[in-house]
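Before any comments, here is the structure.
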Amino acid sequence: MDLLEAISVSKTYGGGDTAVHALKDVSFTVPKGEFTAVVGESGSGKTTLLNMLGGLDTPTDGKVIIDGKDIFSMKESSLTIFRRRNIGFIFQSFNLIPELTVEQNIIFPVLLDYRKPDKAYLEELLKVLGLEDRRCYLPCQLSGGQQQRTAIGRALITRPSLILADEPTGNLDSRNSSEVISLLKNASKKYEQTIIMITHNRAISQSADRVLQVSDGILTDFGRCRE
């Protein structure tokens, strides 16, 4: 069953002779539980695509359907709630709150939604992420890899059906990059979550189930990778 469907998504910035066509009639589907990598050079449109899929920006034309819901037909308030509960975001720059501990950063999206964290699930995540002994540390006391694992925990804590990762290994060395990709793959399988990861690193993209490429706003599907 497809969790996500992009239908003729286009995005144009500006108008006339200065118009920039960031995305051009992009259409594809992603099945539930698939780990998809999107590759492309800087300025190719891949981050614009991720923003459209996450409802962070509005397409000029086209639709994005997540779990059967047309997200751009929603009112802004409804989209905000839907995004908070159904989409987890992982950023290259981690975007952790410096005054909060590892545990507090992870559960923050749940508290933002006025709900109580699932303590058993939190403990499971801390163990899976290797952060049990770092739960009371501040971000400034963590390595880059530990900060990114905290960000992954924050993305997973609401049990979202879709996780969008924008260059999650961009600020990490090769060892930590491998660990982060392994964690994402395990999350996809263990928690049956759909993951779409933006990367410029083609070697990393080969770890995904499927590879898409964006070039000059046009999407090409390279198909599913061999096991």
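The values are calculated or read from the model by the stated rules, or taken from the named source; none is laboratory data. Computed from a prediction, not measured in an experiment: that's the story for all the values here. Please note: Cβ atoms are built from the backbone with ideal geometry, for glycine as well, and neighbour counts cover all protein chains shown.
What the table below lists for this structure:
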| read-out | value |
| --- | --- |
| Test result for Lys46, surrounded by fewer than 16 Cβ atoms within 10 Å (Cβ to Cβ) and either in contact with a strand residue (DSSP E or B) (Cβ under 6 Å, 6 or more places away or on another chain) or under 21 Å from Glu192 (Cβ atoms) (or both) | no |
| Subset tally (residues that are assigned to a loop (DSSP other than H, G, I, E, B) and touching a Leu at 6+ places or on another chain (Cβ under 7 Å)) for region 99-122 | 1 |
| Residues being part of a loop (DSSP other than H, G, I, E, B), hydroxyl-bearing (Ser, Thr, Tyr) and under 11 Å from Leu219 (Cβ atoms) - total across region 1-52 | 1 |
| Verdict on Ile97 being at pLDDT 95 or above, under 23 Å from Arg135 (Cα atoms), surrounded by 17 or more Cβ atoms within 10 Å (Cβ to Cβ) and of a type in the set (A, V, I, L, M) | no |
| Test: residue in region 174-183 that is in a loop (DSSP other than H, G, I, E, B) and surrounded by 15 or more Cβ atoms within 10 Å (Cβ to Cβ) | no |
| Candidate set from region 138-160 (those that are within 13 Å of the chain's Cα centre (by Cα) and not charged (D, E, K, R)); member that is nearest to Asn95 (Cα to Cα) | Ala151 |
| Residues that are within 23 Å of Lys32 (Cα to Cα) and among the aliphatic types (A, V, I, L, M), drawn from region 123-164 | Leu125, Val128, Leu129, Ala151, Ile152, Ala155, Leu156, Ile157, Leu162, Ile163, Leu164 |
| Residue within region 136-148 that is outside any loop (DSSP other than H, G, I, E, B), surrounded by 15 or more Cβ atoms within 10 Å (Cβ to Cβ), in contact (Cβ under 8 Å) with a residue 60 or more places away in the chain and not acidic (Asp, Glu) present | no |
| Residue pairs meeting the criteria (Cβ under 6 Å; at least 6 apart or on separate chains; first of a type in the set (Gly, Ala, Ser) and part of a helix (DSSP H, G or I), in region 73-96; second crowded, with 18+ Cβ neighbours inside 10 Å and modelled with pLDDT of 95 or more) | none |
| Residue check for Ala203: closer than 20 Å to Gln92 by Cβ, buried (at least 20 other Cβ atoms within 10 Å of the Cβ) and not acidic (Asp, Glu) | no |
| Boolean, Leu112 is modelled with pLDDT under 95 and within 21 Å of the chain's Cα centre (by Cα) | yes |
| Matching residues, region 208-227, being surrounded by 18 or more Cβ atoms within 10 Å (Cβ to Cβ) and either at positive phi or polar (S, T, N, Q) (or both) | Gln213, Gly217 |
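A quick yes/no check of all residues on (1) more than 16 Å from Gly33 (Cα to Cα); (2) at pLDDT 85 or above:
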site	(1), (2)
Asp166	yes, yes
Asn171	yes, no
Arg175	yes, no
Ser182	no, yes
Gln193	no, yes
His200	yes, no
Ser205	yes, yes
Asp209	no, yes
